[in-house]
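The block underneath contains the structure these notes are about, expressed in structure tokens.
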Amino acid sequence: MIYSTWISQYHSVFLIISSIITYVQSDVSRPRGVSLSKAPLYSPTKDFTCFDGTMTIPFSYVNDDYCDCFDGSDEPGTSACLNGVFHCTNAGHRPQNIPSSRVNDGVCDCCDGTDEYASSAKCGNTCEELGKEARAEAQRIAELYKAGSHLRVELIEKGNSKRNEMAEQLSQLEKDKAEAEKVRDEKEVLKNDLETQENDALKVYREAEEKEKQRKAEEERQNTIKEALEQFNRFDSNQDEVLTIDEMKVANVFDKNKDGEVDEDEIKYFIGDRESIDKESFIENTWSLLKPLLMMEQGMFKPAGEEGADTEDIEQTEEGDAEDTMGDLDADADQEEEGDLDSQDHDVEEHEPDQQTGVYDEETQKLVDRATEARREHSDAERTVREIESNIRKIQQNLEKDYGLQQEYATLDGQCWEYEDKEYVYKLCLFQKVTQKSKNGGGEIGLGNWGEWAGPDHNRYSVMKYINGIACWNGPSRMTIVQISCGLETKLLSVTEPYRCEYKMEFTTPAACDDVSNAPLHASHDEL
Ligand code: MAN
């Protein structure tokens, strides 16, 4: 106990003496672990105020190995405060700030060895040597940036002229579009005019066709009536023009379930609750129910010709043989096959008259041909407008793309670079997409489409993000981060997959050789 108190007192005295020595030895007076810029805040002739302003203490408390300030500012040269900062000058190399907890911890952190002034670690001063290496590296990088920046200037020039060309193309396309719209509108007027003439000329044909349709429908109606009446008269055995239940009961055709007897329900099916029906009602209601049964009967008894018809049920009439009856049922279909005008009417409605049939008179055919030609020209003109609009959209999308501060990336849009590892061939098409193809076969897997620049605020154009690739099995969409650095060649250097379905690419290009302060070496800010 006594021994440890003695040690601690000895240690404190040692620290005070050594800090006085350091203070005296420095070019500018400052306590141990204090940077030149903070030196004025430590004045031995005044009390010391903690940086956070929470306390003022006698100057002798500074670096006395006891933490007084919450922010650790009173102990820059000892490890007493957990949050303190120790500054090493590292003459001959870069100055450095380290957490003061590393002071005298037996590990050499500063190249000048000053962080281990009272520990057993024997830290030599390697600053000269490291500084030399760092200066050589800085020199190499400066030269790389210098050479790269010439290439970058070329890229900027090309990029700008590409954008100018696109802007010119765009204004030319806008003009073309206005012109094409004018042509399309003219063609539309012409088309409408010719279609009016065409419609007028075709009216005669349509009316004739309508009349023919009506005539056929009427003919069919009369046939049906005739057919129905023939059957009615056959069942109306007493010829009193009324068909009674009794009369129906003797006709086998009303025996729907074929049990050899015509019962009440079967009669009801044909005439409802009535006791009898007259001719009109038979034609109107019963015939449509009866006709299919008659046809079935006829079919059954007529395997090849008409000879086998069921003469018990139906007597053959002059006109109404089985084939005719069948034919009537198919009348609709026949009618459709029959009429040239029918198909023409359909074509006219579609504005595509069948020119092969030659059913129009010469004058009408001419009008139809002219209208057809006008429709073709109008749709060609519409297509031209749409194509121009699509080209305009493409150029506008490219013009809206962010190709870097000075358009240095513009010419790289759409260019692709590949990288192969053991398993895959990766392809990066700048501003478009990233893909992966297995060397063992299979198709390309999309690892992302162009998303955005995603570097830190001070160096936005150092990172590209490609998003919404093919969904990962049981996971999110694949995506790729492209880290861009200055290089004399434009090249894909490496591809890794640090997390499943998240890919990282390293890419170099002279386009990135703009600001040497963004180079990796310079990017580390040692000064806290
Ligand atoms: C494929 C590749 C890999 C990826 C797996 C995820 O094999 O796209 O990169 O990790 O799918 O299932």
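Mean projected area of the convex hull spanned by the Cα atoms of the range 31-70, taken over all viewing directions: 2.8 nm². In this rough spin-label picture, where each label sits 7 Å from Cα along the Cβ direction, the ILE225-GLU373 distance is 5.1 nm.
When the C-alpha to C-alpha distance is required to be over 23 Å, the pairs from LYS258/LYS279; LYS427/LYS491; LYS465/LYS491; LYS191/LYS213 that qualify are LYS258/LYS279; LYS191/LYS213. With a/c under 1.5 counting as rounded, go ahead and sort the range 186-276 into rounded, prolate or oblate using the C-alpha gyration tensor (a ≥ b ≥ c being the square roots of the eigenvalues; past the cut-off, prolate if a/b is larger than b/c, else oblate). Prolate is the answer for the range 186-276, as a/c is 1.5 or above and a/b outweighs b/c. Between LYS279 and GLU129, the contour length at 0.36 nm per residue exceeds the alpha carbon distance by 41.5 nm. Peptides 169-180, 152-163 ranked from most to least packed give 152-163, 169-180, packing being the mean of other C-beta atoms within 10 angstrom over each peptide's residues. For the pair ALA167 and MET55, the difference between a 0.36 nm per residue extended length and the Cα-Cα distance amounts to 33.9 nm.
Here the Karplus curve 6.51 cos²θ - 1.76 cosθ + 1.60, taken at θ = phi - 60°, turns the phi angles of the range 487-504 into couplings of x, 6, 10, 8, 7, 8, 8, 7, 9, 9, 10, x, 10, 4, 6, 10, 10, 10 Hz, with x standing for Gly and Pro.
Give the calculated FRET efficiency between LYS38 and CYS472 to the nearest 0.05, with a Förster radius of 60 Å applied to their Cβ-Cβ distance. For LYS38 and CYS472, the calculated efficiency is 0.75. Taking 0.36 nm per residue of separation and subtracting the Cα-Cα distance, full extension of the segment from TYR499 to TYR269 would add 75.1 nm. In a DSSP loop and with at most 13 other Cβ atoms within 10 Å, the trypsin sites (Lys or Arg not before Pro) in the range 93-142 are LYS122. For the range 410-518, the fraction of C-alpha pairs farther apart than 22 angstrom is 28 percent.
Enumerate the lysines that LYS46 could reach by cross-link, defined here as Cα to Cα under 18 Å, with residues fewer than 8 away along the same chain left out. Here the lysines satisfying the reach criterion relative to LYS46 are LYS38. Close amide H partners of SER477, meaning residues 5 or more places away or on another chain with modelled amide H under 5 Å apart, are CYS472.
Working from the Cα coordinates of the range 74-148, the gyration tensor eigenvalues give, after taking √(5λ), semi-axes of 30, 14, 8 Å in decreasing order.
Readers should treat all values here as calculations from the given coordinates under stated rules, not as data from a laboratory. Remember, it's a predicted structure, so these values are computed and weren't measured experimentally. All Cβ positions, glycine included, derive from the backbone under ideal geometry; neighbour counts span all protein chains shown.
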